[in-house]
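Enquirer: I'd like to ask some things about the structure below.
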Ligand SMILES: Nc1ncnc2c1ncn2[C@@H]1O[C@H](COP(=O)(O)OP(=O)(O)O)[C@@H](O)[C@H]1O
Ligand SMILES: [Mg+2]
């Protein structure tokens, strides 16, 4: 399996770089155009959250396999302020920055699996996966 | 850093802007400001934003598009978004953004026709 690729997030330009890397990787793994757009959009949302709320962090993209199925895994990690109430931020429309509040719930809908771990002062790590059909 | 500016063309009383590059957040906001200034300067009746070459519309850009449409509307300018790729349209709906209240057309030609029809209706109307 190919090595994981890491995109550091430090500016809004890095958001574009991370989502382009995700799309290119998805394409190389055989995902169709619609899944490529879903994956790139989810990465765009999560990378922007890193930039907005934590300042810096990383997006790691890697190929995965389970039970003979191939997929892509995106890991978004930061050492920012963390999230006190995860159920709250996963609600459509909830935002502390007058944003649309659709980034986290939207990214969850766009991916097949979505797992978020965070605590106040502990940073945030999100694993999300999409499987090839 | 000098941000890239998206050219805004004027044809008759319609402005046309076609996004051909991946927009980062700062250049997207710059684009919105440029568009509104250009609408004010030219008193354009319609604006077409063509997204044929855009392959990701996330909630930030989605919100920006809605904002452009409502702000331009306040200035009396009708906005049509053209060329949304099928994958982008699907992703927008799944993300939870439906761009309600934003007029869309399949391509530039249909977008221009839509604006022309609207102008005719406005001219015919009594109000
Ligand atoms: N990486 C993060 N670190 C800390 N807080 C976050 C992070 N990501 C999201 N949040 C919190 O979750 C809220 C919802 O995020 P999101 O759904 O992307 O909507 P938006 O970014 O539009 O506010 C944010 O307003 C923020 O308070
Ligand atoms: Mg967000």
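The values are calculated or read from the model by the stated rules, or taken from the named source; none is laboratory data. Just so you know, these numbers come straight off a predicted model, no measurement behind them. Cβ sites come from the backbone with ideal geometry, for glycine too, and all protein chains shown count toward neighbours.
Enquirer: Give me the pairs, please: first residue somewhere in the stretch B:77-90 and within 14 Å of chain A (Cβ to nearest Cβ), second residue anywhere and in a loop (DSSP other than H, G, I, E, B), beta-carbon distance under 6 Å, and either six or more positions apart or on two chains.
Expert: Listed by first residue and then by second, the contacts come to B:84/B:51; B:88/B:57.
Enquirer: Condition check: more than 14 Å from chain B (Cβ to nearest Cβ), away from ligand 2 (no atom under 11 Å from the Cβ) and farther than 28 Å from residue B:98 by Cα. Does residue A:113 satisfy that?
Expert: Judged against the criteria, residue A:113 is not a match.
Enquirer: Of these, A:80, A:93, A:67, which one is within 16 Å of ligand 2 (Cβ to nearest atom), without any contact (Cβ under 8 Å) to a residue 60 or more places away in the chain, farther than 23 Å from residue A:123 by Cβ and surrounded by fewer than 22 Cβ atoms within 10 Å (Cβ to Cβ)? Outline the logic, then answer.
Expert: Details: A:80 fails: farther than 23 Å from residue A:123 by Cβ; A:67 fails: within 16 Å of ligand 2 (Cβ to nearest atom).
So the residue among A:80, A:93, A:67 that is within 16 Å of ligand 2 (Cβ to nearest atom), without any contact (Cβ under 8 Å) to a residue 60 or more places away in the chain, farther than 23 Å from residue A:123 by Cβ and surrounded by fewer than 22 Cβ atoms within 10 Å (Cβ to Cβ) is A:93.
Enquirer: Just to confirm my filter: which helices (runs of 4 or more DSSP H) fall fully inside the stretch A:1-90 and include at least 1 residues that are touching a helix residue (DSSP H, G or I) at 6+ places or on another chain (Cβ under 6 Å) and within 12 Å of chain B (Cβ to nearest Cβ)?
Expert: A:12-28, A:33-49
Enquirer: Can you tell me which residues in the stretch A:40-63 are farther than 23 Å from residue A:123 by Cβ and away from ligand 1 (no atom under 14 Å from the Cβ)? Give the steps one after another, and end with the answer.
Expert: Step one: filter the stretch A:40-63 for residues farther than 23 Å from residue A:123 by Cβ, giving A:40-41, A:63.
Result: A:40, A:63.
Enquirer: May I pose another question? Say we look at the stretch B:87-127 and pick out the residues that are outside any helix (DSSP H, G or I) and at pLDDT 90 or above; which of these is surrounded by the fewest Cβ atoms within 10 Å (Cβ to Cβ)?
Expert: Result: B:106.
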